[in-house]
Amino acid sequence: MIVTEMKPVDEILGMIEGEKGVFILCCGGCPEGYKSGGLSKGKDLAEAVGAKGVTVTGVAEIEFLCNKALAGVKLNRSREALRGADSILVVSCGVGVQAVGNVADFPVHPAMNTVSMGGRQGLWPGEERCHQCGDCLLDRTGGLCPITTCSKSLVNGTCGGTKEEHCEVDPKRPCGWLKIYQRLAALGRAECLKALNAPRDHRKYDFPDARRSTVLWALEVAAEETEEAVEASRGTDT
Amino acid sequence: MSRLREALGKGGFTFTGEIGPPKGTNIAPVLHEAEEFLKDCVVAVNVTDIQTAVMRMSSLPVCKMLLDRGIEPVLQMVTRDRNRLALQSDLLGAAALGIENVLALTGDHIVMGDHQGAKGVWDLDSVGLLDAMTKLESGTDLGLTMKGEPNALDGVPTFFKGCVVAPCTEEVEPQIIKLEKKVAAGAQFVQTQAVYDPRAFEAFMKRIAHVKVPVLVGIVLLKNAGMAKYMNKNVPGVRVPKRIVDRLAAADKKDVRKVSVEVAGELIREMKGMCAGAHIMPLGWDKEIPRVIEASGVK
Ligand code: SF4
Ligand code: SF4
């Protein structure tokens, strides 16, 4: 699930300043599930900006804004309300905002900040557990990810900043590398820590460059793109 | 050749010191103190690299300024702020300026400093940085040519490569494993985190007897009992025993410097048989360094 939070109303007001009317569109997916957004939050927002003199032409919710096709079809039903609006204020993660901007010929404004992809891996991606580094080290680290559990994403062991078993940056968060050591020691595999791990290959780690240009815009990528296109977009841009 | 390398090779007891570049361009006081108090009593002087993530003047030019004054520098390099291109590039620059000693560190986390919104890099970790130095010394770098072959350097640097370890950390085994990795990646000397407990240090040195690189024990001057307590509470891998805290607390305000120097001197005296030298971190009390060395009875 993608973790989001509402932007401060003042910031939103700044974005829509000077517009005659705005339409508020809420995602019924993650923000609803995570209770950070959804229709009720959209109505609250309508009230808050309404109180500042902004005309809200309508508030609607669509199940998953990240599903471009669905968003396009359902947005059609709000044609009337959209007619009076200068822009759409989108209560969703950054992907939803981009999807709406792509299917509707309207300026879009994000009403939320996308904080993380914390969630259930498989159903929804969860970056807190796995940062999709593209070169998995779990085999050497007792099944605990150093990229996400270590505050510095170190790959060769503790930085020496462990304090009372916790990370130097946060007394409430366990040191990832200490956990890895303890797990491996308990498994009788502490020697795994002796392997020298090479620096990350950031071509694998980062959002592949080729994707930046190929995904304009197909969120249902696999079905729409040919296998070659998907393969090409995996970023073998050496 | 690096005087530090030479001194540690000879096997006597070697002292190193440390200075921190200024926040601003006013470098004169730091250089003055280094010339006045460090030049004649330590073999080399570490220059910290944006210590505790508090933005300061870069270490490299300050190292060069020390060199120009006949003081041998140890360039500290953290991997927090620069990626592998910038680190290797600075290493080549250091070599061209005649700077040979380099100490590789991970670096404190960004949020410990005064630019908390900055991006932490850690493209390499301390092991990776040591490995990069070793590669540069062998005439190549971390990259590849278009054909996928190792790059060839036009002019090859020589470094005397150092690393750090925290001997008094709670869980010492992971520290030892990482130290072994650092040495495997090329580390040739070790400067430790501050040590206040000679017994714990002795036990640690026994456990790393198989690691054949000289170790300089870290000595941080305690400015008062408050600082000792603060370190106990906040600095990972550092434990100041109660007897030292009490001694500082009992000292008269005007005597506290004296007591601090005595404590440091005694610590060195107790540990000098266990290691190759001492790395004194005066945290601004540079002018006490000669007295600490005197109090240690080594010279
Ligand atoms: S090592 Fe990389 S791929 Fe494996 S869990 Fe961590 S971030 Fe994900
Ligand atoms: S204390 Fe542990 S988790 Fe925190 S940065 Fe250091 S190694 Fe990583």
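The values are calculated or read from the model by the stated rules, or taken from the named source; none is laboratory data. The structure displayed is predicted, hence computed values, not measured ones. Here the Cβ positions follow ideal geometry from the backbone for every residue, glycine too, while neighbour counts run over all protein chains shown. The protein model used for the area step is the full one, side chains on, heavy atoms only, and it has no ligands, DNA or RNA in it. Shrake-Rupley method; radii C 1.70, N 1.55, O 1.52, S 1.80 Å.
Observations on the model:
- Failed item in (1) out of contact with any Gly (no Cβ under 7 Å at 6 or more places or on another chain); (2) open to solvent by 20 Å² or more (accessible area, probe 1.4 Å), with B:Ala152 passing the rest: (1)
- Within the set A:Val169, A:Val155, the sole residue that is near ligand 1 (Cβ under 9 Å from one of its atoms) and facing chain B (nearest Cβ under 9 Å) turns out to be A:Val155.
- Qualifying residue in the stretch B:100-113 (condition: away from ligand 2 (no atom under 16 Å from the Cβ) and loosely packed, with under 14 Cβ neighbours inside 10 Å): no
- Residue match in the stretch A:14-25 (condition: assigned to a loop (DSSP other than H, G, I, E, B), in the same structural domain as A:Thr148 (by TED's automatic domain parsing) and of a type in the set (Gly, Ala, Ser)): yes
- Taking the stretch A:59-121 and the strands (runs of 3 or more DSSP E) fully enclosed by it, the elements with 1 or more residues that are in contact (Cβ under 8 Å) with a residue 24 or more places away in the chain, among the hydrophobic types (A, V, I, L, M, F, W, C) and open to solvent by less than 60 Å² (accessible area, probe 1.4 Å) are at A:87-91, A:112-116.
- Residue pairs whose Cβ atoms lie under 7 Å apart, sitting 6 or more positions apart in sequence or on different chains, and linking a residue in the stretch A:130-146 that is within 13 Å of chain B (Cβ to nearest Cβ) and more than 6 Å from ligand 1 (Cβ to nearest atom) to a partner that is open to solvent by 70 Å² or more (accessible area, probe 1.4 Å) and in a loop (DSSP other than H, G, I, E, B), are A:Gly142/A:Leu187; A:Gly142/A:Arg189.
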